[in-house]
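Have a look at the structure below before the remarks.
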Amino acid sequence: MDDDSQNNRSLQRQLRVLVDEARRNEDKLQRLQALELLLLGAESLSELIQMLLHRYREDFALDAVSLVLIDPHYEIRRFLEDESLQVANHPNLIFKADCDAMPEDAASLFPRLGAFDAKQHTPLFNMAHKELSSIALLPLVRQGRVIGCLNLGSSDSRRFVNGSGTDLLERLTAIISTCLENTLNVERLKHTGLTDALTAINNRRFFDQRICEEIERARRHQEILSCLFVDIDYFKKINDSYGHQNGDKVLRNVAGLLNEQMRRSDILARYGGEEFAILLCNTDIDAAEEIAERIRLAVHATPQ
């Protein structure tokens, strides 16, 4: 009789453990599904990244979350800067030229869970507020190619254990990878529609959008905004004398020279024909005149 009672109590304890585990898994699944819906609804690349870096960490009580993105041609960073997301203010957003620059665990095609190795994993967590004990490295893969890695860190050594099931995490990373690729494609389409095909700089449409935004920003922060209009003298004569192909070459060369003179905060666009427009942020008229003269001298000194 005593043996039966002990067996019953043991079975009841095991049942409670299983029920508690099932409830935790159900809660985790519901939170993951809620996050997935938010990610699928992200309207921009910057919104998606903010969700991954901040919302995920808060909702799942993680000590560290970082995102590594493969960005060999600075494309993603350029898109984020256009959306006014300051990459320098997000140390947990890390860019690599290729997979070879990442630790081997992070470049795998499958999630890796286990103990935190300071030597190997510290480069993946630039902003860990607590000493990490366990981590989950979740590769972001599209068409068999690693495009990044979402890294989760916890001070609890039991949070991410090698050998644990990764089905839910694999599903989440598949959704994140798809969302990332979709938002990047949207940004590429927008960029194509706002870029001058000949000179590969911003076009008139882009400039007209940005000038309103920059005027409003300058008013809000009480900053000075200057604008230069640059026109190539005798351009019609160049076309008539040397042909339109050489005229196009001149436009591309001048656009390149203008770009070299710009700061990262300045905005250059082909305004139309042989005209270019430049917005100089936080620049007074004297400084704008100096920049204009520097541009004139650079163009004058360059044989076309």
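Derivation of every value follows stated rules applied to the coordinates shown; laboratory data play no part. The shown structure was predicted, so the numbers you read here are calculated from the model rather than taken from an experiment. Cβ coordinates were reconstructed from backbone atoms using ideal geometry, including for glycine residues, and neighbour counts include every protein chain displayed.
Counting only pairs 8 or more residues apart or on different chains, how many lysine pairs in the chain have their Cα atoms under 27 Å apart? Let's see the in-between values first.
On the way: LYS28/LYS130; LYS96/LYS119; LYS96/LYS130; LYS96/LYS190; LYS119/LYS130; LYS190/LYS249; LYS236/LYS249; LYS237/LYS249.
Here the count comes out as 8.
To make sure I understand, if each residue's beta carbon is the centre and we count other beta carbons within 10 Å, what order do THR302, THR166, THR178, THR183 fall in, fewest to most? Provide the component values of the computation, followed by the final result.
Working: THR302 11, THR166 17, THR178 14, THR183 21.
Placing the least packed residue first, the sequence is THR302, THR178, THR166, THR183.
Run through region 154-240 and list the GluC sites (Glu not before Pro) located in a DSSP loop whose Cβ has at most 14 other Cβ atoms within 10 Å.
GLU223
Roughly how many Å is it from the Cα centre of region 221-250 to that of region 254-304, as a whole number?
Region 221-250 and region 254-304 have Cα centres separated by 10 Å.
For the chain, which longest stretch is free of loop sites, where a loop site is one of the trypsin sites (Lys or Arg not before Pro) that DSSP puts outside H, G, I, E and B and that has at most 14 other Cβ atoms within 10 Å?
1-129
If I stretch the segment between ARG188 and ARG263 completely, what's the gain in nm (0.36 nm per residue apart, minus their alpha carbon distance), one decimal?
Values: separation 75, 0.36 × 75 = 27.00 nm, distance 2.30 nm.
Length gained between ARG188 and ARG263: 24.7 nm.
Using the Karplus curve 6.51 cos²θ - 1.76 cosθ + 1.60 with θ = phi - 60°, what ³J(HN,Hα) values do you get for each residue of region 55-72, in whole Hz, with x for Gly and Pro?
Here the 3J(HN,Hα) series is 5, 4, 4, 5, 5, 10, 6, 9, 7, 7, 9, 9, 10, 9, 10, 7, 9, x Hz.
What nm distance separates the two modelled labels at GLN30 and GLU223, each placed 7 Å from Cα along Cα→Cβ?
The two pseudo-label positions are separated by 4.5 nm.
Mind checking the angle between helix 285-300 and the chain's longest principal axis? C-alpha axes, 0 to 90 degrees, to the nearest 10.
Rounded to the nearest ten degrees, it is 70.
For helix 2-40, report the angle its Cα long axis makes with the longest principal axis of the Cα atoms of the chain; keep it between 0 and 90° and round to the nearest 10°.
10 degrees
Within 10 Å of each candidate Cβ there may be at most 12 other Cβ atoms; applying that plus a DSSP loop requirement, which chymotrypsin sites (Phe, Trp or Tyr not before Pro) in region 196-304 survive?
TYR234
Sort largest first and round to whole Å: the equivalent ellipsoid semi-axes of the chain, each the square root of five times a Cα gyration tensor eigenvalue.
The answer is 55, 19, 17 Å, longest axis first.
Going toward the positive end of the dipole of the chain, with +1 on Lys and Arg Cβ and -1 on Asp and Glu Cβ, which of LEU48, LEU268, PHE110 do you reach last?
PHE110
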